[in-house]
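S.K.: Pasting a structure below so you can have a look.
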Amino acid sequence: MKKEIYHNTLKKGIKRMNAFKRLRDAYVIWHANSINIPEFDSSNIVRKKVIFSGRVQKVGFRLELFTMAQRLNLTGWVKNLEDGSVEAELQGEETKVELLITSMKSLKRASVKKCDVINIPLSENREDLTIVR
């Protein structure tokens, strides 16, 4: 009997958590789509590896970065690291990559304490932008 009560309570908690995640994700996507993106003069194509450290996991950081990068026509990937950081490789026009990095560093619901950016060789393959799970 106690085991059944425990399992029912656990299921309700999981349902609530999933509902919260859906609400958060909807807010993150809305927020990323509401940011005003300026007109850019064309610039050099670059590829950068970026590691964001601080409170950047469990706040919709990857989804925000992904949504903004799509709007900016960037390619690459983003993933959580075991140490609590978020790593991304971003390729596209330099001014757009820089705008994205600056936007992510100023995100209010996250707290980026450190941002390491490394220039890396361009990828010749046309790849989609992905969130690595």
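Please treat every number below as a calculation from the coordinates, not as lab data. Treat the numbers as computed from the prediction; the structure is a model and nothing was measured. When we count neighbours, we look across all protein chains shown, and the Cβ atoms used for this are built from the backbone with ideal geometry, even at glycine.
S.K.: Please give the contour-minus-distance gain from LYS105 to LYS58: 0.36 nm per residue of separation, less the Cα-Cα distance, rounded to one decimal in nm.
M.R.: That works out to 15.3 nm of additional length.
S.K.: Oh, and also: Check LEU129: other-chain or 5+ apart residues with amide H under 5 Å from its amide H, H built from backbone geometry?
M.R.: HN-HN under 5 Å from LEU129: GLY76.
S.K.: Please compute the length gained on full extension between ASP41 and ILE29, using 0.36 nm multiplied by the number of residues separating them and subtracting their Cα-Cα distance.
M.R.: Answer, rounded to one decimal: 1.7 nm.
S.K.: A further question on this structure: So how far apart, in nm, are the two label points at ILE5 and ASP116 if each is 7 Å from Cα heading toward Cβ?
M.R.: 5.0
S.K.: Using per-residue counts of other Cβ atoms within 10 Å, averaged over each peptide, order 14-27, 66-79, 105-118 from highest down.
M.R.: Highest mean packing first, the order is 66-79, 105-118, 14-27.
S.K.: Further, regarding this structure: Tabulate in residue order the Karplus-calculated ³J(HN,Hα) for region 23-40, using 6.51 cos²θ - 1.76 cosθ + 1.60 with θ = phi - 60°, rounded to whole Hz; enter x for Gly and Pro.
M.R.: With coefficients 6.51, -1.76 and 1.60, one gets 4, 4, 4, 5, 5, 4, 5, 4, 4, 4, 7, 8, 6, 6, 9, x, 6, 10 Hz.
S.K.: Go through region 46-51 residue by residue and turn each phi into a ³J(HN,Hα) via Karplus (6.51, -1.76, 1.60, θ = phi - 60°); whole Hz please, and just put x for glycine and proline.
M.R.: These are the phi-based 3J(HN,Hα) values: 10, 10, 10, 9, 10, 10 Hz.
S.K.: In whole Hz, with x marking every Gly and Pro, tabulate ³J(HN,Hα) for region 66-72 from phi via Karplus 6.51 cos²θ - 1.76 cosθ + 1.60, θ = phi - 60°.
M.R.: So the J values, rounded to whole Hz, are 4, 5, 5, 4, 4, 4, 8.
S.K.: Aspartates and glutamates within cross-link reach of LYS49: Cα-Cα under 18 Å, excluding same-chain residues under 8 positions apart?
M.R.: Qualifying aspartates and glutamates at Cα under 18 Å: GLU64, GLU82, ASP83, GLU87, GLU89, GLU93, GLU94, GLU98, ASP116, GLU124, GLU127, ASP128.
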